[in-house]
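Undergrad: Handing you a structure now.
Derivation of every value follows stated rules applied to the coordinates shown; laboratory data play no part. Keep in mind it's a predicted model, so treat the numbers as computed, not measured. FYI the Cβ positions are ideal-geometry reconstructions off the backbone, even for glycines, and counts take in every protein chain you see.
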Amino acid sequence: MSERIAVCPGTFDPMTNGHVDIARRALTVFDRVIIAVGINPLKHELFTLDEKLEMIKASVQDNPRISVDSFEGLLVDYIKEVHACAIIRGLRAVSDFEMELQLALMNRKLCDDIETFFLMTDYRNMFVSSTIIKATAAAGGSVKGLVPEPVLLKLYEKFPLMKKE
């Protein structure tokens, strides 16, 4: 039997504890998970691709079954390239489901061999999003406990007035 690989895609600007939790929990079903940072030239992002890759690698380095990569273009093309069989997406609320369902259906239309698996976010991370993290940090609030330590350290660099409590 071949290795079952799942891809957990996103922009991860920045990665949150919710993202890490989803990737780790996906390992209960899959042999390996690739956290794949999508490159979207139309988005204005806080962190560069290199910064994101560095933070994510540092955040999951304790698990050899999770790898980190980046891709540009169609997700389904990347999935085929790395011989993955599934896409993993986290859901926080019903509002996430509507958009995620549309993406899953489009990916399925583009490649009917690829399945999308939705995992509910842990209740402790239900309200956390990259957008909320950036807004809170920019306003000087503390995001400690909501993002992995390597991400927190980079946020301190970007927002020196951010509370460190």
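Undergrad: Pull up all non-local amide H partners of Ile87: gap of 5 or more, or a different chain, and H-to-H distance under 5 Å with H placed in the peptide plane.
TA: HN-HN under 5 Å from Ile87: Val7, Glu115, Thr116, Phe117.
Undergrad: Right, next: Gap in Å between the Cα centre of the range 98-165 and the Cα centre of the range 4-44?
TA: Computed from Cα coordinates, the inter-centre distance equals 10 Å.
Undergrad: Evaluate the distance, in nm, between pseudo-label points positioned 7 Å from the Cα of Asp77 and of Leu105 along their respective Cα→Cβ axes.
TA: So the two model labels end up 2.5 nm from each other.
Undergrad: Then there's this: What shape does the range 49-126 have by the C-alpha gyration tensor, where a ≥ b ≥ c are the square roots of the eigenvalues, rounded means a/c under 1.5, and otherwise prolate means a/b greater than b/c and oblate the rest?
TA: Verdict is oblate for the range 49-126.
Undergrad: With equal scatterers on the alpha carbons only and no solvent term, can you work out the Debye log10 of I(q)/I(0) for the range 1-44 at 0.17, 0.18, 0.29, 0.33 1/Å?
TA: -0.52, -0.57, -1.03, -1.18
Undergrad: OK, next. How do the peptides 58-69, 13-24, 153-164 rank, highest first, by the average count of neighbouring beta carbon atoms within 10 Å per residue?
TA: Output ranking for 58-69, 13-24, 153-164: 13-24, 58-69, 153-164.
Undergrad: What number of lysine-lysine pairs in the range 5-158 show an alpha-carbon separation below 28 angstrom, given a sequence spacing of 8 or more or placement on distinct chains?
TA: Qualifying lysine pairs in the range 5-158: 24.
Undergrad: Please give the FRET efficiency for Ala138 paired with Thr28, using the beta carbon to beta carbon distance and R0 = 30 Å, rounded to the nearest 0.05.
TA: E between Ala138 and Thr28, to the nearest 0.05, is 0.25.
Undergrad: Let me ask you something else. If I stretch the segment between Leu49 and Arg124 completely, what's the gain in nm (0.36 nm per residue apart, minus their alpha carbon distance), one decimal?
TA: Extra length available between Leu49 and Arg124 comes to 24.3 nm.
Undergrad: Using all C-alpha to C-alpha distances in the chain, build P(r) with 5 Å bins and read off the rounded percent in each one.
TA: Reading the bins upward from 0: 1, 9, 18, 21, 22, 16, 8, 4, 1, 0, 0.
Undergrad: Let me ask something else. Given a cut-off of under 8 Å on Cα pairs at least six residues apart, what relative contact order in percent is computed for the range 5-158?
TA: 32 percent
Undergrad: Would you look at the GNM of the chain, springs on alpha carbons closer than 10 Å, and say which of Val76, Val147, Val94 moves the most?
TA: Maximum among the listed residues: Val94.
Undergrad: Pull out the extension gain between Asn40 and Lys57, defined as 0.36 nm times the separation in residues minus the alpha carbon to alpha carbon distance; nm, one decimal.
TA: 4.1 nm
Undergrad: Using R₀ = 25 Å, calculate the FRET efficiency as 1/(1 + (r/R₀)^6) where r is the Cβ-Cβ separation of Phe97 and Thr11; round to 0.05.
TA: 0.85
Undergrad: Choose one answer from Met126, Met99, Met55: the residue with the largest mean-square fluctuation in a GNM of the chain with alpha-carbon springs under 10 Å.
TA: Top of the fluctuation ranking is Met99.
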